[in-house]
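Working notes, structure below.
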Amino acid sequence: MNDTRQLNQPMGGNEMPRFGGPATMMRLPTQDSAAGLDVAFIGIPMDIGTSNRPGTRFGPRAIRDESRMLRPFNMATGAAPFESLQVADIGDVPINTFDLKKSVDIIARYYDEVLTHDVTPITLGGDHTLTLPILRAMAKKHGPVGLVHVDAHADINEHMFGEAIAHGTPFRRAVEEGLLDTQRVAQIGLRGTGYSPDEFDWGRERGFRVVPAEECWHKSLTPLMEEIRAKVGGGPVYLTFDIDSLDPAYAPGTGTVEIGGLTIPQVLEIIRGLRGLELVGADLVEVSPPFDANSQTTVVAANLAYEMLCVLPGVTYR
């Protein structure tokens, strides 16, 4: 690429000790808006949509803190995102911590403004409710998008405690509102107990490819991702990644834990398997630091957010 811009770089460990420097994602520069950026890291410190253990309001700050060990070059894939993309951390969405519905509207308006710029947002959550307003903004810009949803739960509840919007309902609402191209949706890692044997069939009936966790056990997911790319390709795609998709042995710091989940190598295969798609945004949600022994979950989350950056369009590979 003939990019003559002065591109932002993460602060290196020889410039400032890893335990010092700015408390931003990868210790990157910060700015007040997405203007001039190719990629913006954004935090949404929210847990008012959760139904079990709270604490995801502290997720963005903790993920940023544990990102301090990340280096700019991906040794496994050859991705060098900071050689071709202008990346910065633009801070947190100022939600209303006392009102979920108002917060959803605030998030949607915030991303409407972000997407007036030619930028790809990577969002640090925050509970999974936040994906609905982001998808509302995405659909305004791109039309209905394809979706790769990695999660222990389908999040297609009709209501939760009589409420239409919560962290267990975003993808039912997104379908009802026409935000998704339902023939280009994949859900990976679903598992656990349910209220009926057809718990995951609502999505299948609308064209989703639903991959239960048991279908992933004891194998590489590289072949699956060839199928997923064929399923969701052909247009803009959004990635939403719930940290509870991982088995709690790897990511205990989350609100709704389910055994029998994905492994870290498998989720790396999932994210790396999205390379080449028209990814227009991504989020990583449901990290709850108060339940995170030794920052184990936030270390994983920070690394996965970096992996998301590495598969975006325009990344240089060496």
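The values are calculated or read from the model by the stated rules, or taken from the named source; none is laboratory data. From a predicted model like this one, the values you see are computed outputs, not experimental measurements. Methodologically, a virtual Cβ is constructed for each residue, glycine included, from the backbone with ideal geometry; neighbour enumeration extends over all protein chains shown. Quick note on the areas: whole protein, heavy atoms, side chains included, nothing else; ligands and nucleic acids left out. Shrake-Rupley method; radii C 1.70, N 1.55, O 1.52, S 1.80 Å.
Here are the numbers:
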{"item": "Residue tally, condition closer than 30 Å to P265 by Cα, of a type in the set (V, I, T) and without any contact (Cβ under 8 Å) to a residue 40 or more places away in the chain, over segment 170-192", "result": "1"}
{"item": "Residues that are among the aliphatic types (A, V, I, L, M) and surrounded by fewer than 24 Cβ atoms within 10 Å (Cβ to Cβ), drawn from segment 120-142", "result": "I122, A137, A139"}
{"item": "Pair list, Cβ < 9 Å and 6+ apart or interchain, from segment 2-28 residues that are open to solvent by 40 Å² or more (accessible area, probe 1.4 Å) to residues that are among the aromatic types (F, W, Y)", "result": "Q9/F82"}
{"item": "Any pair with Cβ under 6 angstrom, 6 or more apart, that starts in segment 298-318 at a residue that is more than 14 Å from A282 (Cβ to Cβ) and ends at one that is of a type in the set (F, W, Y)", "result": "none"}
{"item": "Qualifying residues in segment 104-117 (those that are in a loop (DSSP other than H, G, I, E, B) and more than 19 Å from the chain's Cα centre (by Cα)) - the one surrounded by the fewest Cβ atoms within 10 Å (Cβ to Cβ)", "result": "T116"}
{"item": "Subset tally (residues that are in contact with a Leu (Cβ under 8 Å, 6 or more places away or on another chain), more than 21 Å from R57 (Cα to Cα) and not charged (D, E, K, R)) for segment 96-148", "result": "11"}
{"item": "Complete set of residues in segment 89-103 that are under 17 Å from the mean Cα position of the chain (by Cα) and crowded, with 17+ Cβ neighbours inside 10 Å", "result": "D89, I90, D92, V93"}
{"item": "Exclusive hit being under 19 Å from the mean Cα position of the chain (by Cα), on the phi > 0 side of the Ramachandran plot and of a type outside the set (F, W, Y), set G233, G276", "result": "G276"}
